[in-house]
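A short write-up of the structure that comes next.
The values are calculated or read from the model by the stated rules, or taken from the named source; none is laboratory data. Just so you know, these numbers come straight off a predicted model, no measurement behind them. Every residue, glycine among them, receives a Cβ derived from its backbone with ideal geometry; neighbour counts consider all protein chains shown.
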Amino acid sequence: MKRTFFNFILAIEGINSNKLRAFLTALGIIFGVGAVIAMLAIGTGAKESILEQMKLIGTNNIVIQSKVLSAEDLEEQSGEQENNNQSEKLPFSPGLTLEDASAIRDMIPQVDRLSPEVIISTNVVRAGKLQRAKCIGVTNDFFELNRLEVGRGNFFHSLHLEGGRPVAIIGKNIQTQFFSKEDPIGQRIKCGNTWLTIIGVLERRSASRENLQELGIRDFNADVYVPVTTSLLRFKNRAAVDRDDLQRGRRNNELEDKNYHQLDRLVVRVSDSKKLQVSADVIARFLKRRHAGQVDFEIEVPELLLEQEQRTQDTFNLVLAVIAGISLLVGGIGIMNIMLASVMERIKEIGVRRSLGAKRQDIILQFLFEAVLISLIGGLVGVLTGLLAASTISAYAGIPTIVSFWSIFLSFGVAASVGLVFGIFPARKAAQQDPIKALRTE
């Protein structure tokens with residue numbers, strides 16, 4: 001044990017006698033370990049971000065978004081040339097309706113949940129306070145698909161959904177704004193011209209603004225939710241727009257402001273994730289038939305889009321891993337190169353030690369300790385470099401990064417292994433020197 005410790009002290013003195021050379025030798029390890037830390041931080045951050053997005057959008061969902069087409073869009077879809085008089089003959093689409101939702105449920109056996117949404121921008125008023133918000137017509141499936149829980153009160157009852165009752169469930173921000181000092185359950189709030197009785201308050205849903213914008217979803221805390229039948233009966237049923245209204249809007253180039261869709265959004269969840277894309281294709285063809293050949297809707301499968309994003313991120317992480325591996329390899333070769341040069345420079349020192357009773361094992365340990373210490377010092381500085389790089393990337397590039405303990409532990413393990421592997425050959429070469437010849441060396 002004493003001999004080993006003595007060899008360790010000699011290794012420290014050898015590094016201390018030439019600090020600049022030791023630092024330059026460790027540069028490859030520094031950059032390699034820094035790249036590993038940054039790469040793992042980016043990969044972990046991206047994975048956590050995608051998992052958070054999956055929680056927000058749910059799994060196995062197909063999102064159908066209504067789309068208002070202009071006369072030019074309709075003519076392009078039908079393959080006709082632009083003709084102002086042709087607009088009178090364009091087919092009439094009823095738009096996205098509750099009947100579409102019922103037909104999809106009946107047609108596709110894999111449908112597990114189905115959530116129609118009517119989105120109405122309105123003023124929310126109570127006790128002299130006014131706030132602009134969205135009143136969302138939904139069913140209870142909406143809350144399950146979006147994993148929303150009621151903190152106080154209850155979800156909609158079947159009588160609420162069927163009879164168009166003036167009831168509402170509010171988000172946490174609405175409660176904070178209008179009911180900061182009282183229980184909102186049973187109280188009334190005015191949305192537009194309709195008074196609604198509050199029966200529930202949603203638990204707060206935490207989500208970053210970036211995720212909300214990227215996924216194109218609303219802040220669930222800031223909305224008022226009513227039964228979908230209530231929104232159609234007591235607010236506005238856009239399905240009441242007839243063909244004459246549409247033709248008048250087309251002639252006046254006002255179609256973009258004349259939304260004829262009864263529903264703004266329809267979310268379908270299927271039970272089998274393997275049939276997501278197939279179900280989306282079937283729904284697209286089915287709705288096109290029901291809408292008189294018009295594609296006045298957009299269909300997205302968020303889960304598949306996120307999986308594609310994850311594959312792209314994995315490819316990016318693989319490239320970073322290769323770069324980090326090359327840096328570590330170059331660093332290891334640099335250590336071996338410098339240690340071999342050090343052996344040639346210190347042949348006389350090796351001869352003196354051998355003549356004073358040092359064994360080959362002592363010489364091996366001395367030079368091996370030097371290589372491992374240089375690697376560990378490089379690993380420590382590399383970890384600090386990686387932490388700084390991860391923080392800089394997160395701050396200026398907008399890429400989420402998470403540095404975990406196991407990534408630091410892995411980096412130190414890799415650094416020590418590189419020093420051990422690439423230090424063995426120079427150490428053995430030093431131990432194999434003939435002490436008589438070494439003493440004669442000038």
Legend entry - Options 391, 375; residue that is without any contact (Cβ under 8 Å) to a residue 40 or more places away in the chain and of a type in the set (Gly, Ala, Ser): 391
Legend entry - Evaluation of residue 99 against (1) assigned to a loop (DSSP other than H, G, I, E, B); (2) surrounded by fewer than 14 Cβ atoms within 10 Å (Cβ to Cβ); (3) at pLDDT 80 or above (one fails), failing number: (1)
Inset, instruction - Kindly check whether there is at least one residue in segment 358-372 that is in contact with a Pro (Cβ under 7 Å, 6 or more places away or on another chain), under 30 Å from residue 64 (Cβ atoms) and among the hydrophobic types (A, V, I, L, M, F, W, C). - result: no
Inset, instruction - Any residue in segment 214-229 that's under 17 Å from residue 101 (Cβ atoms) and in a helix (DSSP H, G or I): show its pairings with residues that are modelled with pLDDT under 85 and of a type in the set (Asp, Glu) at Cβ separation under 8 Å, as long as the two are six or more apart or on different chains. - result: 229/162
Inset, instruction - Would you confirm whether any residue within segment 245-266 is crowded, with 20+ Cβ neighbours inside 10 Å, touching a helix residue (DSSP H, G or I) at 6+ places or on another chain (Cβ under 7 Å), at pLDDT 80 or above and not in a loop (DSSP other than H, G, I, E, B)? - result: yes
Inset, instruction - Kindly list the number of the only condition in (1) closer than 19 Å to residue 317 by Cα; (2) more than 26 Å from the chain's Cα centre (by Cα) that fails for residue 403. - result: (2)
Inset, instruction - Out of 335, 364, report the one residue that is surrounded by 14 or more Cβ atoms within 10 Å (Cβ to Cβ), of a type in the set (A, V, I, L, M) and closer than 30 Å to residue 41 by Cβ. - result: 335
Legend entry - Flag for residue 181 being surrounded by fewer than 18 Cβ atoms within 10 Å (Cβ to Cβ) and in a strand (DSSP E or B): no
Legend entry - Among (1) exposed (fewer than 15 other Cβ atoms within 10 Å of the Cβ); (2) modelled with pLDDT of 80 or more - the single one residue 91 does not satisfy: (2)
Inset, instruction - Could you check how many residues of segment 89-108 are over 27 Å from residue 133 (Cα atoms) and under 31 Å from the mean Cα position of the chain (by Cα)? - result: 3
Legend entry - Search result, residues across segment 116-168 that are without any contact (Cβ under 8 Å) to a residue 40 or more places away in the chain and either on the phi > 0 side of the Ramachandran plot or part of a strand (DSSP E or B) (or both): 121, 128, 130, 132
Inset, instruction - Can you work out which of the residues in segment 131-178 that are β-branched (Val, Ile, Thr) and either crowded, with 18+ Cβ neighbours inside 10 Å or under 25 Å from residue 63 (Cα atoms) (or both) is farthest from the chain's Cα centre (by Cα)? - result: 167
Inset, instruction - Return yes or no: is residue 6 surrounded by fewer than 16 Cβ atoms within 10 Å (Cβ to Cβ), modelled with pLDDT of 80 or more and not β-branched (Val, Ile, Thr)? - result: no
